[in-house]
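Single-structure report; data block below.
The values are calculated or read from the model by the stated rules, or taken from the named source; none is laboratory data. What you are looking at is a predicted structure, and each value in this text was computed from that prediction instead of being measured. Because the Cβ atoms are built from the backbone with ideal geometry, glycine has one as well, and the counts that use them run over all protein chains shown. Side chains are part of the model used for accessible areas, which takes the heavy atoms of the whole protein and leaves out ligands, DNA and RNA. Shrake-Rupley method; radii C 1.70, N 1.55, O 1.52, S 1.80 Å.
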Amino acid sequence: MLASRLLSLLMLLQSRGRMSAPALARQLEVSVRTVYRDIDSLSAAGVPVYGDAGRNGGYQLRDGWRTQLTGLTPGEARALFLAGLPGPAKALGMGEAAASAHLKLVAALPGDWQADAQRVGSCFHLDPVDWFRDAGPVDHLRVVAHAVWNEQRLRMRYESWTEVAEREIEPLGLVLKAGAWYVVGRRGRVARTYKLDNMHEVQLLAQRFKRPRAFDLATYWAEATQRFEAGVYRDFATLRASAAGMKRLHAFSPVVAQAAQRTAAAPDAEGWVTVTVPIESIEHAAREMLKLGADAEVLEPAELRSRMTQAARAMLVLYGSPNRRQSSVSRPWPPTP
């Protein structure tokens, strides 16, 4: 473990430059005292690492010095092959580069690891697209990716929930989520998320921008996702559900499924349970609750129960009259004059 940690510390300094002891400790998941001991061990081994005191100080390697060690373990080599997604790489215009990197990585591995690492592709496959969905072509992906990489501003005609408008953004990063591409773009000082499928036109501008040093794409995405999921649900509904209804509720979003499980009361005499789940709106909830059929009864709010009553009556009119169905089926077509 010590050798692996020392190599990880060395790679951090080589790839990121100067880092403080607390920052290294966080990355390595050890104490600051352990970092100090590891730095002493590297120095004793002849690695030219030195530190600067003060608020902006930290440890760094001597300029121009690099190690030739890769430090890859067999497990890490397999993980690298697993992480390579040919679909997204091809969509970004990097399919050939990814294939070339794959060959170079294989060639760089020890002989007895090569076959083992390449087996990953035959044993595991990653499919980021959800069921019954087609990833489809993303017309503007390569232009947006170019803008992200080269820190160039973009002008686009974008369709939001309310309007189609022209906007200029500073693209900070691309995210592939459940088969859909999103770009995180900054307007002014505020970073927002834009779905590439909603872009009607995209124009690469000559203007450059400076990417904020403190911006971390993974952190932003995690926080934005939590805010979105929390903001979507604006009210609650109480309903009774049978065992089958509870099972269907668990096929809803994880937020709804967890709430149903958490709030489920003891079963009544009929084996039904009362639960409280979050809802987006009355209209959306009415459509979702219809999926539960006769295995759930909405109790509150009254407006949602009224919507469900109206839907049930409309369906009864549609399906409840055999004469209506018979007359429509038996009517000749085309009608005789």
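The 1.4 Å probe gives accessible areas that order Y233, Y194, Y50, largest first, as Y50, Y233, Y194.
For F209 and F236, the FRET efficiency from 1/(1 + (r/R0)^6), where r spans their Cβ atoms and R0 equals 45 Å, is about 0.60.
Starting from the Kirkwood Rh over alpha-carbon pairs, what translational D in µm² s⁻¹ does the stretch 161-240 have by Stokes-Einstein at 20 °C and 1.002 mPa s? In µm²/s, the coefficient is 145.
For the peptides 24-37, 209-222, residues were scored by their other Cβ atoms within 10 Å and the scores averaged per peptide; the highest-first order is 24-37, 209-222. In terms of packing, defined here as the mean over residues of other Cβ atoms within 10 angstrom, the peptides 57-63, 264-270 line up highest first as 57-63, 264-270. Take T193: with every protein chain present and a 1.4 Å probe, its accessible area is about 50 Å². Students often forget the sequence filter, so: which aspartates and glutamates lie under 18 Å Cα-Cα from K210 once same-chain residues fewer than 8 apart are removed? The qualifying aspartates and glutamates are E151, E168, E170.
Ligands, DNA and RNA left out, the accessible area of the stretch 126-239 computed with a 1.4 Å probe is 48% carbon and sulfur.
Projecting the Cα positions of W181, H200, L239 onto the charge dipole of the stretch 166-266 (unit charges on Cβ atoms of Lys, Arg, Asp and Glu, taken about the Cα centre) puts L239 furthest along the positive direction. Straight-line cross-link partners of K291 among the aspartates and glutamates, defined as a Cα under 15 Å from its Cα and at least 8 positions apart when in the same chain: E283. Distance from the C-alpha centroid of the stretch 284-308 to that of the stretch 182-233: 35 Å, rounded to the whole angstrom.
Accessible surface ranking for R192, R313, 1.4 angstrom probe, highest first: R313, R192. Rounded is the label for the stretch 1-43, because a/c, from the alpha-carbon gyration tensor with a ≥ b ≥ c as root eigenvalues, stays below 1.5. I need the shape label for the stretch 204-268. Rule: rounded when a/c is under 1.5, else prolate if a/b > b/c, else oblate, with a, b, c from the alpha carbon gyration tensor. Cα axes put the stretch 204-268 in the prolate bin.
For the stretch 255-309, the share of accessible area belonging to carbon and sulfur comes to 51 percent (1.4 Å probe, ligands and nucleic acids excluded). Taking a straight line from the alpha carbon of K177, these lysines sit under 25 Å away, with near neighbours fewer than eight places off in the same chain left out: K90, K195.
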